[in-house]
1. Here are some conditions: (1) closer than 17 Å to R751 by Cβ; (2) part of a helix (DSSP H, G or I); (3) not polar (S, T, N, Q). G671 meets all but one. Which one does it not meet?
2. Could you list, in sequence order, the residues of the stretch 236-251 that are over 17 Å from A279 (Cα atoms) and modelled with pLDDT of 95 or more?
3. Which members of the stretch 376-392 meet the condition of being within 16 Å of ligand 1 (Cβ to nearest atom) and surrounded by 19 or more Cβ atoms within 10 Å (Cβ to Cβ)?
4. Exactly one condition in (1) open to solvent by less than 10 Å² (accessible area, probe 1.4 Å); (2) in a helix (DSSP H, G or I) is false for V95; which is it?
5. Filter the stretch 503-525 down to the residues that are touching a strand residue (DSSP E or B) at 6+ places or on another chain (Cβ under 8 Å) and at pLDDT 90 or above and list them by number.
6. Checking the condition away from ligand 2 (no atom under 16 Å from the Cβ), acidic (D, E) and within 16 Å of A349 (Cβ to Cβ), which residue from E308, E254, E266, E247 passes?
7. Out of Q515, Q443, I need the residue that is surrounded by 14 or more Cβ atoms within 10 Å (Cβ to Cβ), within 16 Å of ligand 1 (Cβ to nearest atom) and closer than 30 Å to T273 by Cβ. Which one?
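The values are calculated or read from the model by the stated rules, or taken from the named source; none is laboratory data. These numbers come from a predicted model, not from an experiment. Please note: Cβ atoms are built from the backbone with ideal geometry, for glycine as well, and neighbour counts cover all protein chains shown. These accessible areas exclude ligands, DNA and RNA; they are computed on the full protein's heavy atoms, side chains included. Shrake-Rupley method; radii C 1.70, N 1.55, O 1.52, S 1.80 Å.
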Amino acid sequence: MTDQARRLVEVALPVPLFQTFVYSLDGEYEHEARIGSRVLVPFRKRQEIGIIVAFDAAPPARGVIKAVSGVPDAGPALDEGLLTLSRWISEYYVVPLGIVMRTVLPALLTGAAQPHPNVKTRRIVRIRDDIPTLLQREKAFARAPQQRALFELIESLGGATSVEHLLQQLKFSPSVLKALEKRALISIDRERVERDPFATRVGRSEPRHVPTPEQLAVIKRMGTARPGEVFLLHGVTGSGKTLVYIELLREIVERRGKTAIVLVPEIALTPQTVDRFRAVFGDDVAVLHSALSDGERYDAWLALKRGEKRIAVGARSAVFAPLTNIGAIIVDEEHESSYKQGETPRYHAREAAIVRATQEGAVVVLGSATPSLESWTNGAAAKFTLLSLPDRVGGATLPTVAVVDLRKAVVDSAATAGEDDYQRVVTGPLDAAIRARLDRGEQSILLLNRRGYSAFVQCENCGNVATCPNCSITLTYHRSPERLVCHYCMHQEEPQRVCNRCGGATLRRRGLGTQQVERLICERFPSARVARMDVDTTSGKWAHAEILDRVGAGEVDILLGTQMIAKGLDFPNVTLVGVIDADVGINLPDFRASERCFQLLSQVAGRAGRGARGGEVLIQTRVPSHHAVKCAVTHDYMSFVAEELAGRIQPVYPPNNRLANIVFSGSVESGVADLAIAGAGWLRRLIRVRESPGLTIIGPAPCAIERIKTRWRWHVLLKSEHPHELTRVGRYFLERFAVPARDGLRVTFDRDPVTLL
Ligand code: ADP
Ligand code: ZN
């Protein structure tokens, strides 16, 4: 056989190169391989898993063409739809296709070391079809009472059960089982079992609601969607958006027989939402929890791919669920920044959802009480269809929100209060409101978006603040166990007794964290049942759900936590929400700081007053006139949007334009600075030679957080009104700009960044 006669394929490999690779398909493999099939190929002295992206590739100009060394699966791992989506992500976010595919496929399918993922099986005993008559039975078991007992037991279990169950729980002897098999009365086969950790979780069940006229109108409109139509569902907190999603899926999945994807910001934080979908659609739902093991995740993936389950519910990466015939993709809380992946490929699941739906002719629903400015602008420009649910379900009203001015409150209490005194943390009005809830047997939620005990430790004498040795970040004081912790790299150290700069024994803990609030609240209300929910209390897989289940069961009086407690929770007995300090994060040097603050305050306020008793929200702040605070107090999304959009005109920021953030990093500070300066110069020369209308280059400058995990960081910001200019320039830059192979120097390209820190 000559080289020309062999079939050549183009393979995408997970390597940082913007190209595909040509391999030959020999003999047996030719029949098994398809576009989208996984292949095992030799690459630089090792084996890699790649994906066939084209047949009949042109032979490369030089070099030997190597042969595909394995085709592990019977069919393609990626169908055409997911392949097209991968190509879009590769182009738009400027990431090699093979690296995108590694994200699209479950981890178990991307490791070359074990190309066949292990499938969990168990041995199942079944009574053979030809059940013996009574007479035959008497004869067969006349001298084998043990066999009879076992046989009848299997019958009573519905004719089938697992070997494990019979031998281990019921203590039958393996020889009796063997005898039955030998006499062809039963058969024993290996069957695949699905690892579904949700099967054992019993969620709260709730009555099936009849949609209100407002919900009905929205559902009806969605039912008449044209293929690829994107709805922005702006519904205030408690307006019943989940029911709208459920009714839409009834139509799409149950009546029209299609499949659907439901994206939520984080599964662990939204057990109630997940429970609702499971309650209605039961076994049709595959929950792609981020805490699943690789095996569990693979099982869920397989069930979706085989059509055994038709609804995928999950965080960001569920947008890659291997479904065909998709009818709807729902993105709940679409404004959440967790939909953007923080590492390569830095895709945004909302954008990927829209691309996937357009290509499949599915509808998209973006739901939020506080839509992102990007989506809102798209709605206003009629790119999205705007639907709204302006009122809470069942005549409930939004809670009244009041501000407590911390500047004034602290002055008032200064005469009596000491350093970390309760009155400085919980002001008089909030204290009275909590007490009233305890007296009435109602529940309160307290938000402080900072974990740990104290924000930082500072020397009163010289002003020195303890910082992380790896990051330019102050260390947070944690009390139990007592440690200084970096929230970026998890570095921990023993707290010092004296200042390591001036030697003074004058160290003070400053700034509040949830641990401290918890201590103060528990001291103030010793009989109250307090639960704290933050990263430190929720390390286990079901930790969030357990805390929330306790709240739901009325076993918690005060739920205290970070932004985790602001999302999606629906507890009718919560009548008070207190924000301990609204200003955390409001002054970060990031153009989205105000938007985040407004969203957080609106969302947490939305947890109050969902039941008949109504609700009250108290926001403690030092900046009551800030528009993020002001508009959250009046539930005035429109005013917030108007003011915020105006603030992003000069200097111009999204959604008024598009951004790409190029981050240069490495272990040597001067080397990183030099690389960033060279990169910015390179880009400026590029757009002088090849004009790029409307592209602005800003920087280079050190990042706001100059060092993370021992890496120094600089950045260059690209701004443009034309998305394709960012694609073009970004691709050109990443392909041609030479990054020296020393000091761990690295360049990353972040398209539509959600943070510029
Ligand atoms: P959102 O997500 O918009 O904040 P939810 O979907 O959590 O609101 O709904 C708020 C509450 O209203 C839930 O307890 C839900 O069960 C209830 N609910 C929703 N729709 C109806 C309805 N049509 N009739 C009665 N109760 C409803
Ligand atoms: Zn650190």
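1. It is condition (1) that G671 fails.
2. So in the stretch 236-251, the residues over 17 Å from A279 (Cα atoms) come out as 236-239.
Matches in the stretch 236-251: none.
3. L387, L389, R392
4. (2)
5. Initial filter on the stretch 503-525 (touching a strand residue (DSSP E or B) at 6+ places or on another chain (Cβ under 8 Å)): 504, 506-518, 521-522, 525.
Scanning the stretch 503-525 gives G513, T514, Q515, Q516, V517, E518, I521, C522, F525.
6. Values: E308 fails: within 16 Å of A349 (Cβ to Cβ); E254 fails: within 16 Å of A349 (Cβ to Cβ); E247 fails: within 16 Å of A349 (Cβ to Cβ).
Answer to the selection: E266.
7. Numbers: Q515 fails: within 16 Å of ligand 1 (Cβ to nearest atom).
Unique residue meeting the criteria: Q443.
Yes/no per residue for (1) away from ligand 1 (no atom under 16 Å from the Cβ); (2) open to solvent by 20 Å² or more (accessible area, probe 1.4 Å); (3) charged (D, E, K, R):
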residue	(1), (2), (3)
S290	yes, yes, no
L304	yes, no, no
A312	yes, no, no
Y339	yes, no, no
G342	yes, yes, no
R350	yes, no, yes
